[in-house]
Amino acid sequence: MKSPFLKSLKTWRQILQAHKPLGWAQLSHQKTRLLVAVTGVAFSNILIFTQLGIRALLFDGVTLLPDNLKGDLFLVSAYAPTIDWGTFPIIHLYKANAVEGVASASPLYISTANWVNPEDLLPSNPSDEGSESGDGPPQITLFPNRVKVLALNPVAPVLDIPEVNQQLDQLNAPDVLLFDRLAQEKLGPVSGLFAETGEVITVMNNRRVRVVGLFSLGSNMFDNGHVVMSDWNYARRRGRDSLSRVNIASLTLDPGADLLTVQARLQAHLSKDVRVLTREEVAESEQNFQASLPNGKVLSFGAAMGFIVGIVIVYQVLYTDVSDHLPEYATLKAMGYSDRALLIVVLQEALILAVIGFIPGFITSYWVYGLLTQVTRIPLTMRADVAFQIFILTLVMCIVSGGIAMNKLRSADPADCFRG
Amino acid sequence: MAPIVSVENLTHAFGKGALRKSVLMNVELALYPGEVVILEGPSGSGKTTLLTLIGALRSVQQGSLKILGQELHGARKQQLMKTRNQIGFIFQAHNLLACLTSQENVSTSLKLHKHIPKREYRPRSEEILKAVGLGDHIDAYPKNLSGGQKQRVAIARALVSRPKLLLADEPTSSLDSKTGRNVVEIMQRLARDEGCAVLLVTHDNRILDIADRILHMEDGRIGS
């Protein structure tokens with residue numbers, strides 16, 4: 001029983017040996033060098049992953065609001081690159097509501113406000129009392145942070161966040177709002193305080209506000225967090241006129257109405273001051289705006305640098321490998337191996353490095369993403385399509401470096417073998 | 001009997017213009033199956049150049065050079081490579097691939113012959129390694145072999161695909177006299193058994209007696 005097993009083992013070994021790629025033999029022979037090479041590839045992977053991750057933080061973050069809006073079509077000002085900046089007269093919303101195929105239209109008002117960390121207002125805080133009675137200006141401890149205010153009509157809910165929609169009736173009281181529990185920490189431990197006492201009172205734009213509920217939306221690179229309030233409270237703070245100009249209007253279509261037909265009809269009916277966009281178009285326009293700013297360009301550049309660093313590392317490894325084995329390769333050429341056969345060996349090495357370098361690179365990047373999410377409180381997920389793109393990039397990177405290293409191989413002159 | 005190598009009126013020079021220096025002048029040579037020929041001479045006499053020309057590693061400039069019936073004067077790169085497939089080479093440095101075992105190093109030579117099935121690689125290389133006395137070192141890496149053992153692996157590599165022509169450049173120079181002797185005797189025996197012609201360049205007086213013919217080369221000309 002033992003001997004046929006051994007025999008089959010031997011046959012398998014023979015088959016493996018006969019098919020063992022020379023590239024793998026070269027790489028695996030020198031374990032330290034292999035480790036260095038794999039670390040190099042992994043390092044450049046981590047660089048690319050991190051840069052693209054930060055880029056995603058920026059670009060996915062700006063679509064946070066559009067992604068959480070109700071409705072099928074959206075009206076935005078034609079004169080502003082981002083919905084945060086542009087407003088349009090509310091008359092366009094009423095006009096749009098009258099267009100055939102539109103079931104309802106609801107406005108969303110967006111602005112920013114100064115938010116005071118409620119902890120700074122607690123009477124038990126000694127530094128707080130000190131600053132009020134002392135010489136230093138009280139603004140130092142009461143330094144406010146910016147928060148993004150989303151104001152809506154409670155009877156025409158415009159946000160697609162169930163938690164917000166369940167608490168709409170609470171928004172009718174004066175000076176109340178809902179607070180984003182995923183907001184940045186510097187806005188204060190609002191959700192913790194709320195859970196403890198059921199109510200948090202603080203100051204926003206020099207006026208007292210009461211937090212009556214929480215919801216989850218998240219922050220991005222520009223907004224520390226969001227608060228939701230009613231349009232009535234919004235007008236109380238910013239004047240009645242503030243309701244006459246809308247940042248974005250969400251339109252819900254009649255059931256069965258064709259999106260593109262209604263979009264074209266709306267655009268034809270409405271003035272050129274507003275644009276009618278689908279959800280994807282709103283997100284795209286926000287991202288295009290980001291891409292046009294230096295931030296987006298810098299991060300794309302960073303990813304490109306990671307790619308180049310990867311090429312240099314892999315090229316170094318392959319070049320040294322080829323140089324060290326030049327006499328051996330020359331011998332193979334003398335024996336009758338073609339240039340192509342040897343180029344394939346170098347390519348094999350490049351591809352093997354790409355594959356085994358990607359694995360630790362991916363795992364470390366996964367961890368880096370977790371760390372970034374923890375540090376920034378901006379959700380960052382490892383997306384399969386990004387990982388796949390980076391894997392392809394790694395393959396390209398290694399093949400390019402292999403291609404450059406091959407030039408060295410051409411200098412292997414078989415006639416040199418005879419000169420000892 | 002047709003010669004395996006026939007050289008007629010072969011002339012070769014390096015450099016251009018005023019720096020042009022002739023290394024081979026009107027060389028005539030023929031090698032027949034089963035004979036061992038030693039080529040000796042002082043350095044600079046053109047031995048290595050002749051060897052690289054016969055080994056199809058250089059293009060022929062002038063004269064005629066036929067290997068196994070194939071004229072190499074004016075032959076294309078592809079044809080030179082094909083000719084090299086049929087020649088066994090042994091170099092002064094063993095040039096084994098450090099990352100491969102003895103058996104795998106020998107197999108690199110078999111891989112060039114598409115008609116040899118892969119499952120035969122191991123039995124055939126084992127057989128030839130046993131023939132050169134390395135039956136115990138079939139799966140050893142070159143770094144674990146002595147100089148003589150490495151050179152014997154190189155000989156096994158050159159002979160495993162049964163070439164009709166074996167070219168050896170100072171195969172014994174890095175070996176002690178006993179091992180050197182042993183190595184050339186293996187070459188001689190295997191060459192006779194396979195009916196292959198051996199051309200050996202050497203300075204080593206201790207092995208001259210294994211030759212059927214000794215050619216002396218000086219200033220690019222062959223005497224005897």
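The values are calculated or read from the model by the stated rules, or taken from the named source; none is laboratory data. From a predicted model like this one, the values you see are computed outputs, not experimental measurements. As a convention, Cβ positions derive from the backbone with ideal geometry for all residues, glycine included, and neighbour counts pool all protein chains shown.
Do we have residue B:52 as farther than 30 Å from residue A:34 by Cβ and either aromatic (Phe, Trp, Tyr) or within 13 Å of chain A (Cβ to nearest Cβ) (or both) here? Explain how you work it out, then say what you get.
Numbers: farther than 30 Å from residue A:34 by Cβ: yes; either aromatic (Phe, Trp, Tyr) or within 13 Å of chain A (Cβ to nearest Cβ) (or both): yes.
Answer is yes for this residue.
Only residues that are surrounded by fewer than 17 Cβ atoms within 10 Å (Cβ to Cβ) and more than 22 Å from the chain's Cα centre (by Cα): list them for the stretch B:117-127, please.
Those that are surrounded by fewer than 17 Cβ atoms within 10 Å (Cβ to Cβ) and more than 22 Å from the chain's Cα centre (by Cα): B:117, B:118, B:119, B:120, B:123.
Quick one: which residue in A:315, A:319, A:329 is assigned to a helix (DSSP H, G or I), aromatic (Phe, Trp, Tyr) and either within 14 Å of chain B (Cβ to nearest Cβ) or in contact with a strand residue (DSSP E or B) (Cβ under 6 Å, 6 or more places away or on another chain) (or both)? Spell out how you get there, then give the answer.
Values: A:315 fails: either within 14 Å of chain B (Cβ to nearest Cβ) or in contact with a strand residue (DSSP E or B) (Cβ under 6 Å, 6 or more places away or on another chain) (or both); A:319 fails: either within 14 Å of chain B (Cβ to nearest Cβ) or in contact with a strand residue (DSSP E or B) (Cβ under 6 Å, 6 or more places away or on another chain) (or both).
Selected residue: A:329, the only one of A:315, A:319, A:329 that is assigned to a helix (DSSP H, G or I), aromatic (Phe, Trp, Tyr) and either within 14 Å of chain B (Cβ to nearest Cβ) or in contact with a strand residue (DSSP E or B) (Cβ under 6 Å, 6 or more places away or on another chain) (or both).
Being in contact with a Leu (Cβ under 6 Å, 6 or more places away or on another chain) and of a type in the set (S, T, N, Q) is the filter here; which residues of the stretch A:248-262 pass it?
A:250
Could you please find all residues in the stretch A:208-227 being part of a strand (DSSP E or B), in contact with a Lys or Arg (Cβ under 8 Å, 6 or more places away or on another chain) and more than 11 Å from residue A:115 (Cβ to Cβ)?
Of everything in the stretch A:208-227, those that are part of a strand (DSSP E or B), in contact with a Lys or Arg (Cβ under 8 Å, 6 or more places away or on another chain) and more than 11 Å from residue A:115 (Cβ to Cβ) turn out to be A:214, A:215.
Here is a list of conditions, (1) at pLDDT below 85; (2) closer than 19 Å to residue A:29 by Cα; (3) of a type in the set (Gly, Ala, Ser), and residue A:357 meets all of them except one; can you say which number that is?
(1)
For residue B:98, are the conditions met, namely being at the interface with chain A (Cβ under 8 Å from one of its Cβ atoms), surrounded by fewer than 20 Cβ atoms within 10 Å (Cβ to Cβ) and closer than 23 Å to residue B:184 by Cβ?
No: the conditions fail for residue B:98.
Given the conditions (1) closer than 30 Å to residue A:296 by Cα; (2) touching a Lys or Arg at 6+ places or on another chain (Cβ under 6 Å); (3) among the aliphatic types (A, V, I, L, M), which single one is not true for residue A:201?
Residue A:201 satisfies all of (1) closer than 30 Å to residue A:296 by Cα; (2) touching a Lys or Arg at 6+ places or on another chain (Cβ under 6 Å); (3) among the aliphatic types (A, V, I, L, M) except (1).
Might you let me know whether the stretch B:26-37 holds any residue that is over 14 Å from residue B:198 (Cα atoms), touching a Lys or Arg at 6+ places or on another chain (Cβ under 9 Å) and not aromatic (Phe, Trp, Tyr)?
yes
Select, from B:150, B:130, the only residue that is more than 11 Å from chain A (Cβ to nearest Cβ), surrounded by fewer than 18 Cβ atoms within 10 Å (Cβ to Cβ) and either touching a Lys or Arg at 6+ places or on another chain (Cβ under 7 Å) or not in a loop (DSSP other than H, G, I, E, B) (or both).
B:130
Take residue B:41 and tell me if it is closer than 30 Å to residue B:128 by Cα and touching a residue at least 60 places away in the same chain (Cβ under 8 Å).
Considered against the rule, which asks whether it is closer than 30 Å to residue B:128 by Cα and touching a residue at least 60 places away in the same chain (Cβ under 8 Å), residue B:41 comes out as no.
I want to confirm something. Restricting to the stretch A:267-276 and keeping residues that are of a type in the set (A, V, I, L, M, F, W, C) and out of contact with any Leu (no Cβ under 7 Å at 6 or more places or on another chain), which single residue is surrounded by the most Cβ atoms within 10 Å (Cβ to Cβ)?
Once the filter is applied, the top-ranked residue is A:270.
For residue B:179, indicate whether it is touching a residue at least 12 places away in the same chain (Cβ under 8 Å), in contact with a Phe, Trp or Tyr (Cβ under 7 Å, 6 or more places away or on another chain) and either over 23 Å from residue B:33 (Cα atoms) or more than 12 Å from every other protein chain (Cβ to nearest Cβ) (or both).
No.
Applying the selection to the stretch A:329-356, what residues are over 26 Å from residue B:163 (Cα atoms) and either outside the structural domain of residue A:413 (by TED's automatic domain parsing) or touching a Gly at 6+ places or on another chain (Cβ under 7 Å) (or both)?
Selection gives A:346, A:347, A:348, A:349, A:350, A:352.
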